[in-house]
Each structure stands twice: as C-alpha cells, then as structure tokens.
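Data first, discussion second: the structure below is written as structure tokens.
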Amino acid sequence: MVGPPFRSFFLNVFFLLLILTDVSALPSQTFDAAARSFVRKIVTVMQTRGPVALSFRNASALTSAETAAIRLTLERELRGQDVAIVEPGPNGIELTITIAESLSHYLWVAEVRRGEANDVVMEEVARPQPTKSVLPISIEKRPVIEQDHPIVDIRLLEPDAGHTSAMLVLDSLGLSLYEDTGAGWKQTQTVAIQSSKPWPRDLRGFLSSSRDSYSAYLPGLVCSGVLRPALSMQCKGEGPWPFYSPAHQIARADFVSTRNFFSGRLANDNGSQKRLPSFFTMTGARDRGRAVWLFAGTDGRTRLYNIDLEPMGSWAGWGSDMAAIESQCGSRSQVLVTQPGDASAADSIQAYEILDGSPQPVGDAVTFSGPVTALWTAGGNTAFAIAQDLRTGGYVAFSLAIACNR
Amino acid sequence: MWRSAWPLLAIVSLTGSATSVSAEFRPRYGGALMLELHDVLTLTDPGDWPAPLAGLVYDRLVELDDRGRPQPGLASAWTHDSENKRWQFTIRPGAKFQDGSPITAASVRASLKSWSDVEISGEDTILIQTEKPSPDIPIELAGVRNAILHRGSDGVTIGSGPFRITEWQAGRHAVFAANEDYWGGRPFLDTVELTMGRPLRDQLIDLELGKADLVELSLDQARGAAQRGMRTWRSLPLELMALVFEPGHRVVEDTRLRRAVALAIDRAAILNVLLEKQGEPAGALLPQWMTGWAFLFPATRDLGRARDSAALIQPVPRLSLTYVPSDPLSRSIAERIALNAREAGVVIQVLPDAKADMRIARVRLRSHDSAQSLADIAAALGLPQLIRPDGGTLETLYAAEQKVLADFRVVPLFYLPATYGLSARVRNWQPAPGGNWRLENVWLEARVP
C-alpha cells in the first residue's frame with residue numbers, strides 16, 4: 001500500500017502530466033494572485049496553521065487539466081503558509097475547495113470544518129478574456145487587420161518611391177493610415193469623422209483611393225483628403241457613391257443617409273438617369289465577356305441588368321453583399337457573394353460566374369466564423385470582406401482573390 | 001471529483017425551425033414587430049417594467065453583455081481609484097433624451113436620486129463616492145431602477161432609449177416608435193406594437209396565426225411549440241419559485257415542522273415530471289449563475305430527516321397551502337408538495353387564493369447584482385431587509401442568505417426561465433441571456449416576391 005507522502009507525490013505527478021498533456025490548460029500564474037488571497041482567507045478562518053484534509057471538486061466548466069493546475073497552485077500556497085495537507089482524520093480540519101462559476105466570473109469556495117464549526121470563504125476570480133484567433137490564411141482569403149469596432153472598408157495602397165506599403169482603414173470612428181513596418185501593419189495617422197448625426201445602425205461605407213488621395217463615402221457624407229505629408233479630411237454633405245463596371249463605365253448611386261441601402265436612383269457617366277428597385281449593393285461583372293450590372297435588392301432578389309441598365313433577369317438565394325473580380329480563371333469574371341443569414345450566424349462567400357444571364361457557382365465557398373458585414377471590389381483580382389468574429393466581437397478585414405486550379 | 005460542467009450560455013436556447021425563404025442578409029429597415037404580454041404595464045416608473053421592455057425606452061449608464069460584464073451605455077467610459085471607492089463616469093457626448101434635450105451630468109444625477117453619493121464633477125462627468133469599496137457599481141448602474149430619464153410637464157417619463165412611446169392605451173395597447181436620433185443608431189424596426197393583458201393561450205394562437213411576432217409561453221406551451229417546429233427562446237433561470245411560511249400563523253412557528261416540510265420536498269421529481277426539466281432546483285435564494293455559491297445550499301430531498309423532524313411534534317398540526325388561482329404551475333407544484341409532505345407525516349391542504357399557513361411565491365429577478373436581487377427577494381417575500389443594497393463582501397452576502405434560509409421560513413423550490421415564441425420573420429434575435437431583448441437590433445424579414 002502506498003503511504004500518504006508517496007501518494008501525494010504520485011498525485012502531483014499525475015496532475016502535472018494532466019497539465020502537460022492539455023495545451024489548453026490555463027497557465028498557473030493566471031491564478032497566482034487569487035490563490036494567495038484565497039489561502040490567506042482560509043488560514044484566517046482556520047485560526048491555526050495545523051494540517052488539513054483537503055478535498056477538491058470542480059463545479060465549473062473548466063477542464064480537469066485546468067482545475068488540476070489550480071489545485072497545484074492552491075496546495076503550494078497552503079504549504080507556503082505552513083499548512084500541511086494530510087489524510088482525513090477523526091479530529092482534524094477538513095477543507096473542501098470547490099471551483100464554481102457564475103455567469104460573469106469563477107468563484108472559489110472553501111468550506112472549513114473544525115468539529116461543529118463550518119466556515120465558508122470565497123474568492124472571486126475573473127474569467128480570462130477570450131484570445132483572439134487568427135483565422136487560417138489561404139491564398140484565397142487572407143486576414144489583413146483586426147480591430148474591436150466595426151470596419152466598413154479598407155484599401156491597400158501600392159508603395160511608391162520613398163514610401164512603404166500603406167493601407168487605409170475606414171471605420172465608425174474615422175479613417176486611419178497604416179504603414180507596413182516589415183513586422184506588420186502599424187497605425188501611423190488617424191483623422192476622426194465629424195458627423196452631426198448618429199450613424200445608422202448597420203453602418204455602410206466605401207473607400208476609393210489613389211496613391212496620394214482618397215474619397216470616403218458614408219451615409220450622408222462624402223469625405224476626401226490627401227495622405228501626405230499628413231492625412232487630411234474634408235467632408236461635405238451627401239453625394240452619390242461611384243461603382244465601376246469592368247468596361248470602365250461609372251454608375252453613381254444615391255445612398256439613403258439614414259438607412260443601410262441605396263435608393264435605386266442611378267446616374268450614368270453620360271448623364272442618363274434610371275430608377276431601379278432599392279438595393280443593398282451593386283457590382284459590375286461580365287457575362288461571357290459582356291459587361292453587366294448586378295444589384296442585391298432590399299427585397300432579397302438579385303437583379304441582372306445590361307450595361308445600359310436594361311433588366312436581364314433576377315433570382316433569389318443570394319446574400320445582400322457581392323463583389324465582382326477579374327481573374328485568370330474560368331470565364332475570367334467571378335462574383336463573390338455572401339450567404340443569406342443574419343448577424344447571429346457564421347457566413348460564407350461563394351464565387352459565381354454569370355453565364356447567359358444565369359448564375360453558376362464555381363469552386364468551394366470560403367467560410368467565416370461570423371457574419372460578413374461588408375464586401376467590396378478593390379479592383380482587378382481583389383476584393384475585401386469584413387467579417388465579425390462572433391466569439392470575440394471584433395472585426396477582421398480579409399483580402400479575397402480567386403486562385404486558379406484550387 | 002464531480003463536475004457539473006455547467007454550460008452557462010447553453011441554458012439559453014433557441015429551438016425550432018428558423019428557416020426562411022428570404023435571401024437577404026443585411027438587416028432590413030422597417031416594419032412593426034407585434035409583441036404580446038400577459039402583464040399590464042403602467043406608464044409610470046420604468047423600474048416597474050419587465051427588464052426586457054424597459055430597455056426599449058430607457059437607457060442606463062452601463063449595459064451588461066452576454067457574460068454579465070459591464071459595457072458602456074450612456075456612459076462612454078469610467079474610471080475608479082485603487083480602492084473602488086471613487087468612480088467617475090463620463091456621459092456619452094451628444095446623447096439626448098427623446099424630447100431632444102441633452103443628457104448632462106445634472107440630468108444623470110437627477111435620475112439617480114436614490115443614490116446619495118452622486119456628485120457632478122463636470123458638464124459631462126459624474127462622480128460616485130462610497131465609504132466602502134464598491135467594485136460592483138457598474139453592475140448596479142445597469143439595473144432597470146437606474147434608468148436615466150426625466151419627467152415631462154405631464155409627469156410622463158422620457159428616456160433616451162432606441163424607441164419612444166407614441167401611443168398608450170392604458171392596460172391594452174402601446175406603440176413604441178423608432179428613435180431616429182438614437183445615439184446607438186436608429187433601430188431597424190419602425191415600431192414595436194405591444195398588446196397587454198393577453199392570456200397566454202391567446203398569445204400562442206396569435207403567434208400561430210401570424211398575428212404576433214413575439215409572445216410569452218408557459219413551460220408546457222414552449223415544449224409543445226418546439227415539438228411543432230416553432231421558434232422558441234428560453235432565458236437564464238430568472239424567476240425564483242419558493243414556499244413561504246406566513247409569519248404570524250401560530251401553527252408554523254415551530255421550526256421542526258417547517259424543517260420537516262422543507263426536507264420532504266422532492267424537487268428532482270417535480271423538475272422531471274411537472275417542469276419537464278425546464279429550470280433548475282433551488283436550494284438558495286439567488287441562482288448559481290448569479291452568485292456561483294448556490295451549490296452550498298442543498299436542494300435534495302431527505303425524507304428520513306423530514307420524518308425525524310415531524311416525529312418530534314405531537315400531534316402534527318394540519319397545514320394549509322395557497323397559490324394564485326391563475327397560475328396552474330403553482331397549483332400543480334403545491335399539490336405535489338402536499339403529497340411529499342404527507343410521506344413525512346405532515347398533512348397539507350391545498351387551497352386557491354386563501355389565507356393559508358403557506359403560499360407558493362414567484363419572484364422575477366430584475367438585476368444581475370447579487371445584493372440588489374437579495375434585497376428585491378426580501379421585499380417581495382415580506383422578509384426583513386437582509387443586507388444593505390450597496391452590498392458587502394461575498395461572504396456577508398452568503399451569510400445573509402444562509403441566515404434567512406436557516407430557519408426554513410422561506411424554502412426555495414426552483415429557478416425558472418422565461419420562455420418566448422417567435423415568428424419566422426423575426427431576424428437577428430440576440431437577446432441578453434439575463435434580460436434585455438435588444439429589439440433595436442431585430443429586423444423583420446421581407447417576403448420574397
């Protein structure tokens with residue numbers, strides 16, 4: 001039979017192995033301060049430094065490896081306070097420690113029994129904040145930047161002489177310029193957007209940029225400025241948002257400043273105007289080489305128009321955001337489309353080709369851990385998608401591109 | 001070692017088919033959400049409103065997230081000293097009441113009139129100073145009672161929340177319209193139309209006929225609705241059901257008799273059969289998800305000790321137990337308690353709406369704050385004040401709860417969730433597990449042509 005000292009040794013080895021075999025175990029130092037405070041309270045109610053018979057239970061969702069780490073830490077603290085841990089005896093002090101939890105925190109509860117006396121002490125322990133994950137990187141979907149408040153659009157700026165790569169990030173607070181330090185993106189300048197009214201819920205925004213200047217389109221505001229020598233911004237009242245077809249036509253659409261959609265009023269470069277059903281997004285693509293426009297209607301239907309904005313067809317089943325890109329694959333024109341859903345669900349983006357007026361899915365969808373809140377064409381074979389991480393609540397911007405033979 | 005592996009958020013469930021034919025993803029503005037309630041609200045103090053509804057009209061300085069953690073509300077930021085005695089809250093710039101008047105430090109202080117220690121420390125800053133360390137002040141400020149509001153000349157309260165009251169037919173109907181200037185962005189819905197005083201049976205019929213979008217469900221209705229593929233939602237267990245021995249009734253002044261009844265109750269069987277596993281047995285006044293220490297109060301039956309306790313009394317007096325007649329669940333549970341007690345040698349007569357020795361009481365918690373909830377329970381059950389609402393240490397709160405339960409005058413029975421039915425067109429339904437429905441984020445699906 002194994003005596004108490006050996007048993008204690010083997011138990012410790014067992015717990016240590018448990019910790020080492022579970023990489024998700026919380027580092028014990030996470031709980032060091034709480035353990036010290038907790039043990040001080042225990043020793044105070046014990047009124048003696050005598051030995052205790054310790055029993056330990058887990059009433060929380062922590063794993064056995066995590067609770068084993070806590071147990072080791074508490075045992076170390078007890079010994080540090082000259083409290084020996086012994087087998088239960090008839091007249092000894094019984095110490096029962098429970099790792100419990102409430103909605104907002106963990107709670108360590110110690111019940112100290114000395115004969116008829118039964119004291120309870122507690123230690124509230126904060127839950128570790130969830131760590132933000134970096135989503136898998138692929139050629140098709142590349143995370144660019146992550147932040148806590150909603151990103152509405154980003155643009156990568158090609159480096160020119162004397163400058164590094166740069167990036168503009170438009171969010172609910174303002175516009176930020178990031179520069180590539182070689183070790184990652186670093187925010188170098190920010191300008192705040194002064195809006196006289198609260199932003200609409202489900203804020204939309206769109207960036208258009210050249211090497212040295214930009215325009216930012218937001219509900220009720222059009223802002224523009226230069227990047228150098230210092231990031232600047234001047235804003236005026238609302239104006240139409242520009243959309244580019246692959247045949248280089250520009251259509252300008254009126255955004256409803258207090259909502260999250262476009263009114264349906266469109267103006268072409270040649271000055272002609274059209275009134276279409278209201279829509280969330282439009283994008284210019286190709287149908288067997290011919291330029292076409294696609295509109296994601298607020299009624300849930302996607303509508304196809306020719307370059308003169310004459311209707312060619314419609315269908316249901318797509319999400320409300322889409323972005324056409326030009327690639328070297330298939331018909332060389334694909335439309336990236338979000339899935340139907342709502343903000344509580346994970347999302348995915350599927351590529352389609354428009355062939356003779358009908359959408360054909362091509363390849364596998366790429367998935368996101370939360371809803372895609374923005375999807376804009378960035379020109380060429382690139383689009384940017386912004387997705388919310390439902391676990392952390394943060395927003396991640398992804399660069400998307402079509403790669404052939406995958 | 002035992003583990004409950006208590007999956008906190010899994011308690012909140014969304015069941016049934018959420019299928020839809022629409023293809024939109026981006027939220028759609030517009031529409032009226034039809035809401036039905038059994039209770040009748042009064043247009044007085046939002047503190048009297050159910051917590052999910054109060055958030056429609058009234059903001060607080062602090063909101064709680066899904067984990068009960070404080071997040072900025074009307075206060076955009078706050079700081080405190082190292083002792084948690086001096087708290088400074090910064091009011092969100094540009095926030096306005098629904099009548100257009102600005103929200104200032106002065107109006108916030110006026111709203112927090114029950115707080116004696118609020119000072120104005122700037123046009124947009126208030127200072128709260130306490131004698132004792134008060135780390136939970138942000139959680140307290142998130143309570144419905146601490147809504148920020150002011151009264152118009154007609155005495156009606158005006159809030160700053162995402163919806164404003166535009167129509168009020170006392171006891172029957174109310175319309176809440178979107179606050180176009182809400183600091184958090186205009187809600188997607190145009191209106192929320194509330195029908196009050198609607199029996200639960202009629203609410204379910206209205207939901208099935210497409211006349212309502214959000215209705216209350218009894219526990220048995222919720223089960224049936226989910227089995228029929230309807231959408232249902234269940235909150236955290238927010239409502240305490242307890243057996244209360246009436247003070248002043250001579251026959252229940254004997255602690256041994258109260259103990260016998262308390263130990264005879266078979267909560268596990270009642271939970272399985274009558275509650276169909278919805279809710280959780282309660283040995284404590286406050287639920288485990290709120291305090292973390294409820295497990296210290298056993299909720300298991302001990303028929304042997306119950307019989308021993310009853311055997312000490314000769315003769316055992318006959319007891320009466322009453323319940324609210326409109327509450328069939330309370331009736332069923334009262335009858336089951338009578339059966340349980342009979343096995344311990346105590347005879348209980350169950351009577352509806354009578355002056356009895358005991359009653360079944362139900363208390364809906366309105367705060368995530370343990371001290372405030374304990375004070376609320378004490379007030380609702382007619383108990384003396386258990387603890388100062390400004391709290392104390394964990395151990396003093398636990399000791400207060402232990403003290404009131406030690407003499408068996410109140411016997412916690414169950415913690416029950418609130419259950420609701422939702423129409424298929426309700427989208428983005430992401431309520432806080434403990435309360436606020438967050439209807440400002442909800443939108444209604446359009447029909448695809």
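Once you sort the root eigenvalues of the Cα gyration tensor of segment B:237-418 as a ≥ b ≥ c, which label holds: rounded (a/c under 1.5), prolate (a/b larger than b/c) or oblate (the other case)? Judged from the Cα gyration tensor, segment B:237-418 comes out prolate (a/c at least 1.5, a/b above b/c).
Spin-label model, residue B:351/residue A:192: points 7 Å from Cα along the beta carbon direction are separated by 6.8 nm. The alpha-carbon of residue A:236 sits under 18 angstrom from the alpha-carbons of these lysines, leaving out residues fewer than 8 places away in its chain: A:197.
For the options B:437, B:168, B:87, a Gaussian network treatment of chain B with springs between C-alpha atoms closer than 10 Å singles out B:168 as fluctuating the most. The mean number of partner chain beta-carbon atoms within 10 angstrom of a residue's beta-carbon across peptide A:93-105 is 6. Averaging the Cα positions of each part gives two centres, and for segment B:32-83 and segment A:299-324 these lie 41 Å apart.
Classify chain B as rounded, prolate or oblate from the Cα gyration tensor: take a ≥ b ≥ c as the square roots of its eigenvalues, call it rounded if a/c is under 1.5, otherwise prolate when a/b beats b/c and oblate if not. Oblate is the answer for chain B, as a/c is 1.5 or above yet b/c matches or exceeds a/b.
Between rounded, prolate and oblate, where does segment A:180-255 land on the alpha carbon gyration tensor, with a ≥ b ≥ c its root eigenvalues, rounded for a/c under 1.5, else prolate if a/b exceeds b/c? Oblate shape, in that a/c is at least 1.5 and b/c is the bigger or equal ratio. Averaged over the residues of peptide B:288-299, the number of Cβ atoms from other protein chains lying within 10 Å of each residue's Cβ is 5. Counted by Cβ distance under 13 Å from residue B:203, the other residues give a net charge of -4, where Lys and Arg count +1 and Asp and Glu count -1.
Estimated from helices alone, the mean residue ellipticity of chain B at 222 nm is -7000 deg cm²/dmol (sum of -39500 (n - 2.57) over DSSP H runs with n ≥ 4, per residue). Ordering B:74-84, B:301-311, B:57-67 by mean Cβ neighbour count within 10 Å, with the highest value first, yields B:57-67, B:301-311, B:74-84.
Of all lysines in the structure, those lying under 30 Å Cα to Cα from residue B:85, and not within fewer than 8 positions of it along the same chain, are A:41, B:96, B:113, B:132, B:403.
Each residue, residue B:106 and residue A:250, gets one label point 7 Å from its Cα in the Cβ direction; the gap between the two is 5.1 nm.
Look at the stretch A:252-260: the mean tally of other chain Cβ atoms within 10 Å of its residues' Cβ atoms is 2. In this rough spin-label picture, where each label sits 7 Å from Cα along the Cβ direction, the residue A:147-residue B:249 distance is 6.3 nm.
Scoring A:176-188, B:367-379, B:406-418, B:102-114 by mean Cβ neighbours within 10 Å over their residues and listing the highest first yields B:367-379, B:406-418, B:102-114, A:176-188.
Bear in mind that the values in this text are calculations on the coordinates, not laboratory data. This one's a predicted model, so the numbers in the text were calculated from it and none came from an experiment. Note: ideal-geometry Cβ built from the backbone for every residue, glycine included; neighbour counts use all protein chains shown.
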